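**Q** The following block contains the structure, expressed as structure tokens.
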Amino acid sequence: MLKLIVFFLIVTIFAPGCHKKNLTANMEDNLSIAQDNSDLESEFQNIYHFGENQMRSGKTSGNLFLPECASIKWDTIGTKKVFTIDFGSTPCLCYDGIYREGKLRVEYQGNFYQAGSYAIIQPENYKANFRLIQGIKRIDLTQVQGDAATYRVKVTNASITYDNGVAKWQSERTIIRSKGHSTPLNPFDDAYSVSGTAEGTNRKGIRFSVITESPLIKDYTKCGNLLAPQNRGRFISGKLRVKNEDSEDYFILDYDPIGGAPCDRLAAITWRNKTYNITIW
């Protein structure tokens with residue numbers, strides 16, 4: 001009986017400490033999930049913009065999103081059109097303050113400002129912020145209505161390589177351009193909303209899934225080329241519900257934690273009634 005009493009006393013004393021440690025570890029895991037998902041979400045959205053604006057412009061040279069250190073090479077085969085955006089083999093500073101290198105291969109069919117067109121974009125030795133980005137992105141233009149357009153977008157086999165691990169990701173998205181579709185030569189009058197689902201593993205190998213609570217908003221009329229590079233073209237609002245599949249817990253990733261949808265890089269996660277800030281690309 002005495003041994004049993006001692007055992008319960010030990011459990012009573014040390015259990016709160018173990019619980020606190022577990023909560024701290026879970027919080028750190030959730031922050032890592034939020035950062036990795038945000039990095040992949042942001043860069044595959046940028047990959048979409050690079051390719052989609054080039055297709056819409058119909059130009060054989062670069063578009064306004066591309067820096068002078070990027071070049072375009074065309075290789076049209078039959079009804080399929082193929083081009084490569086080459087950022088070079090050394091870091092190339094882009095309009096949004098992100099360094100990129102490597103190539104984006106874009107294959108598409110149809111006239112990319114008309115419904116029924118589709119494109120497949122694949123990075124080749126492509127790095128953003130000095131991290132290797134891999135995956136395949138398919139874009140289907142499903143509807144055009146006046147100055148607006150709707151796209152179905154799917155990303156498969158995506159990954160980002162950090163110094164301390166590799167995060168993997170896939171997603172299915174609906175992207176709505178709410179304005180700017182009728183002016184293909186000017187990407188800075190465009191605005192977008194993004195919704196859908198995603199899943200993956202963070203750089204620690206922890207599984208997660210994502211659903212949209214409210215669409216992610218990107219507005220180039222507000223956050224375009226007149227601002228400092230680090231504030232251009234970021235998501236300015238929207239919320240994601242992210243589930244840590246290993247702990248069976250979830251948190252909210254908010255792209256407008258201070259309100260007002262400012263052009264900044266601040267996002268935050270809310271977990272167990274506490275808020276933690278992260279910096280997005």
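The values are calculated or read from the model by the stated rules, or taken from the named source; none is laboratory data. Computed from a prediction, not measured in an experiment: that's the story for all the values here. Cβ placement follows ideal geometry from the backbone for every residue including glycine, while neighbour counts extend to all protein chains displayed.
**Q** Could you tell me how many of the residues in segment 195-209 are under 24 Å from residue 174 (Cβ atoms) and surrounded by 20 or more Cβ atoms within 10 Å (Cβ to Cβ)?
**A** Count: 3.
**Q** Let me spell it out: the conditions are (1) modelled with pLDDT of 95 or more; (2) part of a strand (DSSP E or B); (3) more than 18 Å from residue 39 (Cβ to Cβ); (4) not hydroxyl-bearing (Ser, Thr, Tyr), and residue 73 meets all of them except one. Which number is the exception?
**A** (1)
**Q** Across segment 103-115, what is the number of residues that are surrounded by fewer than 16 Cβ atoms within 10 Å (Cβ to Cβ) and either closer than 25 Å to residue 164 by Cα or at pLDDT 95 or above (or both)?
**A** 0
**Q** So how many residues does segment 112-149 have that are under 21 Å from residue 194 (Cα atoms), assigned to a loop (DSSP other than H, G, I, E, B), among the hydrophobic types (A, V, I, L, M, F, W, C) and in contact with a Phe, Trp or Tyr (Cβ under 7 Å, 6 or more places away or on another chain)?
**A** Matching residues across segment 112-149 total 0.
**Q** Taking interchain pairs and intrachain pairs at least six residues apart, which have beta carbon atoms under 9 angstrom, with the first residue in segment 197-210 and free of Cβ contacts under 8 Å to residues at least 40 places away in the same chain and under 19 Å from residue 45 (Cβ atoms) and the second buried (at least 20 other Cβ atoms within 10 Å of the Cβ) and among the charged types (D, E, K, R)?
**A** 197/173
**Q** Separate question: What do you reckon, is residue 147 among the acidic types (Asp, Glu), out of contact with any strand residue (DSSP E or B) (no Cβ under 7 Å at 6 or more places or on another chain) and farther than 15 Å from residue 55 by Cα? Break it down into steps so the answer makes sense when it comes.
**A** Values: among the acidic types (Asp, Glu): yes; out of contact with any strand residue (DSSP E or B) (no Cβ under 7 Å at 6 or more places or on another chain): no; farther than 15 Å from residue 55 by Cα: yes.
No: the conditions fail for residue 147.
**Q** If I go through segment 225-256 residue by residue, how many of them are surrounded by fewer than 19 Cβ atoms within 10 Å (Cβ to Cβ) and assigned to a loop (DSSP other than H, G, I, E, B)?
**A** 8
**Q** In addition: Does residue 19 qualify as being at pLDDT below 75, within 30 Å of residue 267 (Cβ to Cβ) and not in a loop (DSSP other than H, G, I, E, B)? Walk me through how you get there before you give the answer.
**A** Values: at pLDDT below 75: yes; within 30 Å of residue 267 (Cβ to Cβ): yes; not in a loop (DSSP other than H, G, I, E, B): yes.
Judged against the criteria, residue 19 is a match.
**Q** Which one of these does residue 182 not meet: (1) surrounded by fewer than 19 Cβ atoms within 10 Å (Cβ to Cβ); (2) assigned to a strand (DSSP E or B)?
**A** (2)
**Q** Out of (1) of a type in the set (Phe, Trp, Tyr); (2) farther than 20 Å from residue 233 by Cα; (3) out of contact with any strand residue (DSSP E or B) (no Cβ under 6 Å at 6 or more places or on another chain), what's the single condition that is false for residue 65?
**A** All conditions pass for residue 65, except number (2).
**Q** Which residue, of 176, 211, 160, is among the β-branched types (Val, Ile, Thr) and under 21 Å from residue 96 (Cα atoms)? Before the answer, list the steps.
**A** Values: 176 fails: under 21 Å from residue 96 (Cα atoms); 211 fails: under 21 Å from residue 96 (Cα atoms).
So the residue among 176, 211, 160 that is among the β-branched types (Val, Ile, Thr) and under 21 Å from residue 96 (Cα atoms) is 160.
**Q** Right, here's the next one. Of all residues in segment 51-70, which are of a type in the set (D, E, K, R), at pLDDT 80 or above and over 20 Å from residue 140 (Cβ atoms)?
**A** Start the filter on segment 51-70 by keeping residues that are of a type in the set (D, E, K, R), which leaves 52, 56, 59, 68.
Add one more test, that the residue is at pLDDT 80 or above, and what stays is 52, 68.
Of everything in segment 51-70, just one residue is of a type in the set (D, E, K, R), at pLDDT 80 or above and over 20 Å from residue 140 (Cβ atoms), namely 68.
**Q** Can you go through 166, 194 and tell me which one is under 18 Å from the mean Cα position of the chain (by Cα) and touching a residue at least 40 places away in the same chain (Cβ under 8 Å)? I'd like the intermediate steps shown before the answer.
**A** Details: 166 fails: touching a residue at least 40 places away in the same chain (Cβ under 8 Å).
None of the others qualify; the one that does is 194.
**Q** Pick out the one residue from 215, 229 that is within 18 Å of residue 44 (Cα to Cα) and of a type outside the set (Phe, Trp, Tyr).
**A** Values: 229 fails: within 18 Å of residue 44 (Cα to Cα).
On inspection, the qualifying residue turns out to be 215.
**Q** Among 152, 100, which is in a strand (DSSP E or B), surrounded by 16 or more Cβ atoms within 10 Å (Cβ to Cβ), touching a residue at least 24 places away in the same chain (Cβ under 8 Å) and among the basic types (Lys, Arg)?
**A** 100
**Q** Now a separate question. Got a sec? Which of 120, 175, 160 is modelled with pLDDT of 95 or more, hydrophobic (A, V, I, L, M, F, W, C) and in contact with a Leu (Cβ under 6 Å, 6 or more places away or on another chain)? Walk me through how you get there before you give the answer.
**A** Working: 120 fails: in contact with a Leu (Cβ under 6 Å, 6 or more places away or on another chain); 175 fails: in contact with a Leu (Cβ under 6 Å, 6 or more places away or on another chain).
Among 120, 175, 160, only 160 is modelled with pLDDT of 95 or more, hydrophobic (A, V, I, L, M, F, W, C) and in contact with a Leu (Cβ under 6 Å, 6 or more places away or on another chain).
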